[in-house]
């Protein structure tokens, strides 16, 4: 069975990606990144999802992106509660580049040639590192920047959700047995993992469940959320 490193944030998309990778026959090794994010409940969710979906191992890597700042998720910047134009302040500079680099390093160590990530270019917040061009460029980097690549091994970066709507992602995940009630997507979830209901991530998630025609299992902090 081929090994794969799956980036797992504990949110809806990455949890679905783990289920897809497992369904495709990979031995999955999940990797969560503690980068100083406000919504730290997602790290606990990632551990729970990894266990629930049968990953072989789960690892947490710590990197302090608060030292860089520049994002509402790592700095003293207010998380927007209404849609904004352009790239929103919840964009974390170089986050996906960093996370994929960590996954690549882990993959070299365990002998995996496949990286899985839950980026999406349809129902997303305008982040530049969620586009197909970025994934293709990073796949090229994998071949050029590693000993394994230099020795002729080929790396693949799987982004199976990149062209799906949030509703399509949810339907696929439900088909594969994902329990979305244990996932955390909110940018400002509380310590118990309850969602605010008003941030961009909550809005996209709620719309996804509505458009999928299924009940939203998200735990909100208040009925209004």
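Worth pointing out:
- Computed from label points 7 Å out along Cα-Cβ, the spacing between residue 151 and residue 192 is 5.0 nm.
- Degrees separating the helix 95-110 axis from the principal Cα axis of the chain, which is the longest one: 40
- Acute angle (nearest 10 degrees) that the helix 12-23 long axis makes with the longest principal axis of the chain, alpha-carbon atoms: 40
- Using a simple spin-label model with pseudo-atoms 7 Å out from Cα toward Cβ, residue 34 and residue 131 lie 3.4 nm apart.
- Contact order for the range 3-212, expressed relative to its length and based on alpha carbon pairs under 8 Å spaced 6+ residues apart, stands at 27 percent.
- When its C-alpha radius of gyration is set against 2.2 N^0.38 Å (N residues), the range 3-212 gives a value of 0.96.
- Amide N of the range 97-130 lying under 19 Å from the label point, which is placed 7 angstrom from the Cα of residue 61 along Cα→Cβ: 97-119, 129-130
- Over the range 69-132, the ratio between the Cα radius of gyration and 2.2 N^0.38 Å evaluates to 1.34.
- Globularity index of the range 10-119, i.e. its alpha-carbon radius of gyration over 2.2 N^0.38 Å: 1.13
- Angle in degrees between helix 132-144 and the longest Cα principal axis of the chain, rounded to the nearest 10: 30
Readers should treat all values here as calculations from the given coordinates under stated rules, not as data from a laboratory. Since this is a predicted model, take the numbers as computed values, not measurements. Ideal geometry is used to build each Cβ from the backbone, glycine not excepted, and the neighbour counts take in all protein chains shown.
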